[in-house]
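Novice: First, the structure itself, so that you have it in front of you.
What follows is calculated from the coordinates using simple rules that are stated; it is not laboratory data. What you are looking at is a predicted structure, and each value in this text was computed from that prediction instead of being measured. Counting neighbours? That spans all protein chains shown, and the Cβs are built from the backbone with ideal geometry, glycine included.
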Amino acid sequence: MKNFPYKRIVIIGTSGSGKTTLGAEIESRFGVPHIELDALHWEPDWKEADDEVMRMRVQAAVEADTWMLDGNYAVARDLSWARAELLIWLDYPLLVNFWRLLKRTLRRAITHEEIWNGNHEPVLMQLKLWSDDSIFHWLFKTYWRRKREYPVLLALPDYAHLEVLHFTSPKETAAWLDSFAA
């Protein structure tokens, strides 16, 4: 395997884009410790961490020499993006994200998978597309906003040091990962 050149990585993208899956794959292949920002944000019983607590958790995570964070939390973006070397933006078509989200939600319903800190996804709530508590509602609410927001953020001088990989299809992402194989 070629030497993987990155030690501090941020993976962004809308819900269902595969941030956590990519993070787990990079950790598996290259040993870069993977941290889900959702795990730092969600406490037991779906209680959200206070912003101050979230920032402290992210600060502690990014003080390490090697890490990879996945997620879109603006409250701690300045901490992780400032220390990252590489930012991977998974900017897939809405239908790809929706399909992945649907498969994930159904899998979690069947397996009763624990997500973070003892929490389980409330599947029936997810299917109520009109509810603010539905991950599908969140996808539709944030998909186009992120497409507008990320280019603006990435153009800021504070983040000029980042190498940015902007993948628009899962095949592009897979080809990049495979480029590190022997």
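Novice: Arrange THR66, THR111 by Cβ neighbour counts within 10 Å, fewest through most, would you? Let's see the in-between values first.
Specialist: Numbers: THR66 12, THR111 9.
Sorted ascending by nearby Cβ count, the order is THR111, THR66.
Novice: Neighbouring Cβ atoms within 10 Å as the yardstick, rank ASP91, ASP133 fewest first.
Specialist: Least crowded to most crowded, the residues run ASP133, ASP91.
Novice: Something else about it: Evaluate E = 1/(1 + (r/R0)^6) for LEU162 and ILE110, where r is the Cβ-Cβ distance and R0 equals 41 Å; express this FRET efficiency to the nearest 0.05.
Specialist: According to the calculation, E is roughly 0.60.
Novice: Here's another thing I want to ask about it. What full-extension length gain, to one decimal in nm, is calculated for ASP65 and GLU149 as 0.36 nm per residue of separation minus the Cα-Cα distance? Intermediate results must be reported in sequence, preceding the final value.
Specialist: Values: separation 84, 0.36 × 84 = 30.24 nm, distance 2.84 nm.
So the chain would gain 27.4 nm between ASP65 and GLU149.
Novice: Still on this structure: Would you pull out the residues with amide H under 5 Å of VAL164's amide H, same chain only if 5 or more places away, H placed 1.01 Å from N?
Specialist: Under 5 Å from the amide H of VAL164: LEU87.
Novice: Now for a separate question. Using 0.36 nm times the number of residues separating SER169 and MET56, minus their current alpha carbon distance, what extension gain do you get?
Specialist: 37.3 nm
Novice: Now for a separate question. Run the numbers on the chain and let me know its relative contact order in percent, using alpha-carbon pairs under 8 Å that are six or more apart.
Specialist: Relative contact order here is 31 percent.
Novice: Full-extension gain between GLU27 and ASN3, please, as 0.36 nm times their residue separation minus the C-alpha to C-alpha distance.
Specialist: 7.3 nm
Novice: Kindly flag which residue pairs out of LYS7/LYS47; LYS103/LYS141; LYS19/LYS103; LYS19/LYS171; LYS147/LYS171 have an alpha-carbon separation exceeding 25 Å in this structure.
Specialist: Details: LYS7/LYS47 31 Å; LYS103/LYS141 19 Å; LYS19/LYS103 15 Å; LYS19/LYS171 14 Å; LYS147/LYS171 19 Å.
Going by Cα-Cα distance, LYS7/LYS47 fall outside the 25 Å limit.
Novice: Considering the chain as a Gaussian network with a 10 Å cut-off on Cα pairs, which listed residue, ILE11, ILE35, ILE110, attains the greatest mean-square fluctuation?
Specialist: Among ILE11, ILE35, ILE110, the largest mean-square fluctuation in the Gaussian network model of the chain belongs to ILE110.
Novice: Work out, in µm²/s and without decimals, the Stokes-Einstein translational diffusion coefficient of segment 56-154 at 4 °C, 1.567 mPa s, Rh from Kirkwood over C-alpha pairs.
Specialist: The calculation lands on 83 µm²/s.
Novice: What whole-number distance in Å separates the alpha-carbon centres of segment 78-106 and segment 1-58?
Specialist: About 10 Å separates the Cα centre of segment 78-106 from the one of segment 1-58.
Novice: Amide H of HIS120: which non-local residues (sequence gap of 5 or more, or other chain) have their own amide H closer than 5 Å, using H built in the peptide plane?
Specialist: For HIS120, whose amide H was placed from the backbone, the distant partners under 5 Å are ILE115.
Novice: Can you sort LEU22, LEU95, LEU79 from fewest to most other Cβ atoms within 10 Å of each residue's own Cβ?
Specialist: So the ranking, lowest neighbour count to highest, is LEU95, LEU79, LEU22.
Novice: Another question, then. For segment 1-137, state what percent of all Cα-Cα pairs lands in each successive 10 Å bin, counting from 0 Å until the bin that includes the largest distance.
Specialist: For segment 1-137, the binned pair fractions read 11, 39, 37, 13, 1 percent.
Novice: Here's something else I'd like to know. Starting from the Cα of ASN119, move 7 Å in the Cα-to-Cβ direction to define the label point; list residues of segment 130-146 whose amide nitrogen is under 19 Å from there.
Specialist: What the label zone holds, given the 19 Å backbone N cut-off, is 130-143.
Novice: Right, here's the next one. How far apart, in nm, are two points set 7 Å out from the Cα along the Cα-to-Cβ line at SER179 and at LYS47?
Specialist: Result: 4.5 nm between the two label points.
Novice: Per residue of segment 11-22, what does 6.51 cos²θ - 1.76 cosθ + 1.60 with θ = phi - 60° give for ³J(HN,Hα)? Whole Hz please, x for Gly and Pro, Karplus curve as stated.
Specialist: Taking θ as phi minus 60°, the curve returns 10, 10, x, 6, 4, x, 6, x, 4, 5, 4, 5 Hz for segment 11-22.
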